[in-house]
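Asker: Structure incoming, see below.
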Amino acid sequence: DGGITQSPKYLFRKEGQNVTLSCEQNLNHDAMYWYRQDPGQGLRLIYYSQIVNDFQKGDIAEGYSVSREKKESFPLTVTSAQKNPTAFYLCASSPTGTAFGYTFGSGTRLTVV
Amino acid sequence: QKEVEQNSGPLSVPEGAIASLNCTYSDRGSQSFFWYRQYSGKSPELIMFIYSNGDKEDGRFTAQLNKASQYVSLLIRDSQPSDSATYLCAVKIGGGADGLTFGKGTHLIIQP
């Protein structure tokens, strides 16, 4: 079955720690995205990538980093510079070139402890 | 500045009635419009998309687009308790991969 897989489902981060969220897709989609969702805030774009080895900052990129070494994979690192990382993180993918919607992963809920 | 506005609700509708969800957007260059349903604690799932002015029907769902008024809506006929969720409106400018802009969502409650 084609789909997009995020792991882990739940993640706990200590103060000052970097953590990496995994996102893998087997849909052969070129574009991948990371969104953050907070209660009452909707989805906000962190980073996106259209092709391998290239990515762009979204609206709230500060404190986050990404890589796109393979078409299938787009991991997100939440660094210690992100002061309020507790949120629901959603990875998505889509074809490019035409106006398709996204396929979302199941999300990772990150909590600072 | 790209903005997508939705009434946060909650919108309460009796079972079997029509639920009407509304969305306005600020960028006249917007070309593609999407409705996602999100259950509590889950990820969004695409339920409808529309590109052209007018209505588009899919089962119990109808999306309506009016580009002149910068307005898109979603109608749910014969509402069921399982339709209770948050509905997210999303807008895309052009065919590029620079991301969808989402509204904050409308919380819909279908009362049995």
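Residue by residue, here is whether (1) within 14 Å of chain B (Cβ to nearest Cβ); (2) touching a residue at least 24 places away in the same chain (Cβ under 8 Å); (3) farther than 17 Å from A:Gly3 by Cβ; (4) surrounded by fewer than 22 Cβ atoms within 10 Å (Cβ to Cβ) holds:
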residue: A:Gly63; (1), (2), (3), (4): no, no, yes, yes
residue: A:Lys70; (1), (2), (3), (4): no, no, no, yes
residue: A:Ser73; (1), (2), (3), (4): no, yes, no, yes
residue: A:Thr77; (1), (2), (3), (4): no, yes, yes, yes
residue: A:Lys83; (1), (2), (3), (4): no, no, yes, yes
residue: A:Leu90; (1), (2), (3), (4): yes, yes, no, no
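Asker: Just checking, how many residues over the stretch B:62-104 are crowded, with 22+ Cβ neighbours inside 10 Å, of a type outside the set (Ser, Thr, Tyr), closer than 19 Å to B:Tyr39 by Cβ and at pLDDT 95 or above?
Answerer: 4
Asker: For the list (1) within 11 Å of another protein chain (Cβ to nearest Cβ); (2) in contact with a strand residue (DSSP E or B) (Cβ under 6 Å, 6 or more places away or on another chain); (3) small (Gly, Ala, Ser), I need the number of the one condition that A:Ser22 fails.
Answerer: All conditions pass for A:Ser22, except number (1).
Asker: So for the stretch A:25-38 (the condition being on the phi > 0 side of the Ramachandran plot and exposed (fewer than 13 other Cβ atoms within 10 Å of the Cβ)), does at least one residue qualify?
Answerer: Looking for residues that are on the phi > 0 side of the Ramachandran plot and exposed (fewer than 13 other Cβ atoms within 10 Å of the Cβ), one finds at least one in the stretch A:25-38, hence yes.
Asker: Does the stretch B:87-95 contain at least one residue that is free of Cβ contacts under 8 Å to residues at least 40 places away in the same chain and at negative phi?
Answerer: no
Asker: Just to check your reading of the model, which residue among B:Ser82, B:Ser30 is of a type outside the set (A, V, I, L, M, F, W, C) and without any contact (Cβ under 8 Å) to a residue 60 or more places away in the chain?
Answerer: On the way: B:Ser30 fails: without any contact (Cβ under 8 Å) to a residue 60 or more places away in the chain.
Step by step, each of B:Ser82, B:Ser30 is checked, and only B:Ser82 is of a type outside the set (A, V, I, L, M, F, W, C) and without any contact (Cβ under 8 Å) to a residue 60 or more places away in the chain.
Asker: Name the single residue, out of those in the stretch A:92-104 being outside any strand (DSSP E or B) and touching a Ser or Thr at 6+ places or on another chain (Cβ under 6 Å), that is surrounded by the most Cβ atoms within 10 Å (Cβ to Cβ).
Answerer: A:Tyr102
Asker: Also: Taking the condition of being away from chain A (no Cβ under 12 Å) and surrounded by 13 or more Cβ atoms within 10 Å (Cβ to Cβ), how many residues in the stretch B:24-45 meet it?
Answerer: Adding up the residues that qualify gives 4.
Asker: Determine whether A:Tyr48 is touching a residue at least 40 places away in the same chain (Cβ under 8 Å), facing another protein chain (nearest Cβ under 10 Å) and crowded, with 21+ Cβ neighbours inside 10 Å. It would help to see each step written out before you state the result.
Answerer: Working: touching a residue at least 40 places away in the same chain (Cβ under 8 Å): no; facing another protein chain (nearest Cβ under 10 Å): yes; crowded, with 21+ Cβ neighbours inside 10 Å: yes.
Answer is no for this residue.
Asker: Please state which of the following conditions A:Tyr47 fails to meet, knowing it meets all the rest: (1) assigned to a loop (DSSP other than H, G, I, E, B); (2) farther than 19 Å from B:Lys42 by Cα.
Answerer: Failing condition for A:Tyr47: (1).
The values are calculated or read from the model by the stated rules, or taken from the named source; none is laboratory data. Since we're looking at a predicted model, the values are computed, not measured. Positions of Cβ are generated from backbone atoms using ideal geometry, with glycine treated the same way; all protein chains shown enter the neighbour counts.
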